[in-house]
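Right, one structure below, let's go through it.
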Amino acid sequence: MRHPNPLLETLSPILPTIAANARRAEEERTVPPENVALLKGIGFHRAFQPKQYGGLEISLPEFADCVATLAGACASTAWAISLLATHSHQIALFSAQLQEEVWGSNPDATASSSIAPLGRAEAADGGVLLSGEMGWSSGCDHAEWAILGFRRPGADGSPQYCFAVVPRADYQIRDDWHAAGMQGSGTKTLIVRDVFVPEHRIEAAKDMMEGRSAGFGLYPDSKIFYAPYRPYFASGFSAVSLGVAERMLQVFKERSRNRIRAYTGVQVGAALPAYMRLAESTHQVLAARALLEATWREHAEHGVAKRYPNAETLAFWRTNQAYAVKMCIQAVDRLFESMGGNCWRLENEAQRLFRDAHMTGAHAYTDYDVCAQILGRSLLGLEPDPAMV
């Protein structure tokens, strides 16, 4: 039995409007402002924001269930807005000074990101000068800040993977998001040119994974911040994939009930292949949800107990979500390949679900080829491969 989820209860009434805007999101290649306003109106963006700034600090299982539900209405919206929300968890692990700059005068502020370490940094007095063309920044049209990845020399001189938090005034957005999947996510490129980033807006990725960042421990009564940043950051990807797959099951059932083969007049829904495909995909999606829910509960239990995950636990958390995404994509493919030519028409929801499902498996964190290597090495007691992020 599921526990009450107040955010999910407030989300449900606005889903029809968001679903009705799904085609518009694709045409405009960004989340419609109306969707953002509706979601901000229920505090969706505050899910992982510290209570000190008016945030909700809800559990990861509660949040992920909301993301999956939202993805059933519009995956692009769910993808972009869930990232804006999860980035607040990451910001809460930065310095108190940075958090006050982000939320002190605007508690509704959010950040998009481009976390791959593609930025170029030059040492400067009190910080760095950051430059680069930073791609894949979902939801950036609706954010006031950006979290950007770069490398700089660490204490031992070796390259250190870091994040810089930069205000909207310090970067430009290149409108270059032309993609086959998640068309409405507005995943554009951020341009930075010799932007000064002070030290209090910088954290090393390793420190944020090992409880050594400047903001770690700032909220001792919280149930979600005694945690590494990455599992929260990545949680939305698998939740979106799950929501897409669950919606595809519904679309397939609705279509099969009324579908008649044009050349033979046979009712498709009563045919053996249709309900066998539906049965197997249903089992696969149920298995994906069960795996994800168990993983999300572990996240929450660790946070409540203030127990930091060990390397093996992190390996499972990192890879469980990718395997669940793999199952969701397979379930969607099994149904879509038998739904007929009309489902390829742009006005048909099924083709959008098919495209978006595959996009959920294209992110670096949901690449199962990478994840299988990470988990396999961990299970055999081998040291992590630094080439596997």
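The values are calculated or read from the model by the stated rules, or taken from the named source; none is laboratory data. Keep in mind that this is a model prediction, so the values were computed, not measured. All Cβ positions, glycine included, derive from the backbone under ideal geometry; neighbour counts span all protein chains shown. To get the accessible areas, we keep the full protein, side chains included, count just its heavy atoms, and leave off ligands, DNA and RNA. Shrake-Rupley method; radii C 1.70, N 1.55, O 1.52, S 1.80 Å.
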*What are the residues whose amide H is under 5 Å from the amide H of Gln160, where those residues sit 5 or more places off or on another chain and H is modelled from the backbone?*
Arg152, Gly154
_Restricting to Cα atoms and excluding each atom paired with itself, what does the Kirkwood estimate give for segment 346-389 in Å?_
12.4 Å
*With axes computed from alpha carbons, what is the tilt in degrees of helix 75-91 against the longest principal axis of the chain, rounded to the nearest 10 within 0 to 90?*
20 degrees
*asked:* I need the calculated FRET efficiency for the pair Met388 and Arg257, taking r as the beta carbon distance and R₀ as 45 Å, to the nearest 0.05.
replied: 0.50
*Report Rg (one decimal) and Dmax (nearest whole number) for segment 21-97, counting Cα atoms only, units Å.*
13.1, 41
*Share of the chain's accessible area from carbon and sulfur, percent, 1.4 Å?*
54 percent
_Under the 0.36 nm per residue contour assumption, what length would be gained going from the current alpha-carbon distance of Trp344 and Val304 to full extension?_
9.8 nm
*What is the total of Lys pairs in the chain with C-alpha atoms under 25 Å apart, excluding same-chain pairs fewer than 8 positions apart?*
9
*With every protein chain left in place, what is the accessible area per residue of the chain in square angstrom, probe 1.4 Å?*
43 Å²
*Hey, what angle do you get for helix 272-305 against the long axis of the chain, alpha-carbon based, 0 to 90 degrees rounded to 10?*
20 degrees
*For Phe196, enumerate residues with amide H under 5 Å from its amide H, sequence gap 5+ or separate chain, H modeled in the peptide plane.*
Leu130
*Subtract the Cα-Cα distance of Leu15 and Asn106 from 0.36 nm times their separation in residues, and report this length gain in nm to one decimal.*
30.1 nm
*Contact order normalised by residue count of segment 33-77, Cα under 8 Å, 6+ apart, percent*: 22 percent
_Distance between modelled label sites at Gln97 and Lys51, nm, 7 Å Cα→Cβ extension_ = 2.8 nm
*Taking the convex hull of the alpha carbon atoms in segment 293-389, what volume per residue do you get, in Å³?*
117 Å³
_Can you compute the equivalent ellipsoid semi-axes for the chain, i.e. the square root of 5 times each eigenvalue of the Cα gyration tensor, sorted largest first and rounded to whole Å?_
36, 23, 20
*Once you have a ≥ b ≥ c as the square roots of the Cα gyration tensor eigenvalues for segment 1-142, tell me rounded if a/c is under 1.5, and otherwise prolate or oblate according to whether a/b is larger than b/c.*
oblate
*0 to 90° range, to nearest 10: angle between helix 368-379 axis and the chain longest Cα axis*: 60 degrees
*Starting at the first residue of segment 3-13, write each ³J(HN,Hα) from the Karplus equation 6.51 cos²θ - 1.76 cosθ + 1.60 with θ = phi - 60°, in whole Hz, x for Gly and Pro.*
7, x, 9, x, 5, 5, 5, 7, 6, 3, x
*In nm, what is the difference between 0.36 nm times the number of residues separating Ala311 and Ala294 and their Cα-Cα distance?*
4.3 nm
*For segment 68-214, convex hull of alpha carbons as volume per residue, Å³*: 116 Å³
